[in-house]
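Notes for the one structure printed next.
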Amino acid sequence: MARVCEICDKGPQSGNNVSHAKNTTRRVWNPNLQSVRAIVNGAKRKIRVCTRCIRSGKVVKAS
């Protein structure tokens, strides 16, 4: 299962850890994905979406 939001396609970002001595190692920032029951095309479905999509109202939650 990929770490990608099913609505906005937000995925992992990569960059560097930088220590005080300026040593750099690669690291990854993953999106904050939540599993949510939502209404998709008129049907209830479980989707993985980022918290920004939930907060901004792009997801219609199913009760």
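Residue by residue through the range 21-31, note down the ones that are touching a residue at least 12 places away in the same chain (Cβ under 8 Å) and in contact with a strand residue (DSSP E or B) (Cβ under 6 Å, 6 or more places away or on another chain). Show your work before the answer.
Kept after step one, since they are touching a residue at least 12 places away in the same chain (Cβ under 8 Å), are these residues of the range 21-31: 26-31.
Scanning the range 21-31 gives R27, V28, W29, P31.
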*Filter the range 7-29 for residues that are within 15 Å of the chain's Cα centre (by Cα) and either surrounded by 11 or more Cβ atoms within 10 Å (Cβ to Cβ) or charged (D, E, K, R) (or both) and give the result.*
I7, C8, D9, K10, G11, P12
*Quickly run through the range 1-31 and pick out the residues that are among the aliphatic types (A, V, I, L, M) and either in a strand (DSSP E or B) or at pLDDT below 95 (or both).*
M1, A2, V18, V28
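Looking only at the range 32-63, count every residue that is outside any strand (DSSP E or B) and on the phi < 0 side of the Ramachandran plot and tell me the total.
Start the filter on the range 32-63 by keeping residues that are outside any strand (DSSP E or B), which leaves 32, 41-42, 51-60, 62-63.
Filter once more, so that each one left must be on the phi < 0 side of the Ramachandran plot: 32, 51-56, 58-60, 62-63.
Count: 12.
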_Positions within the range 12-37 being closer than 27 Å to K61 by Cα and touching a Lys or Arg at 6+ places or on another chain (Cβ under 6 Å), in sequence order_ = P12, N30, P31, L33, S35, R37
*If we scan the range 43-52, do we find a residue that is surrounded by fewer than 10 Cβ atoms within 10 Å (Cβ to Cβ), free of Cβ contacts under 8 Å to residues at least 12 places away in the same chain and of a type outside the set (G, A, S)?*
no
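The values are calculated or read from the model by the stated rules, or taken from the named source; none is laboratory data. In this text, all values refer to a predicted model and were calculated from it rather than measured experimentally. Methodologically, a virtual Cβ is constructed for each residue, glycine included, from the backbone with ideal geometry; neighbour enumeration extends over all protein chains shown.
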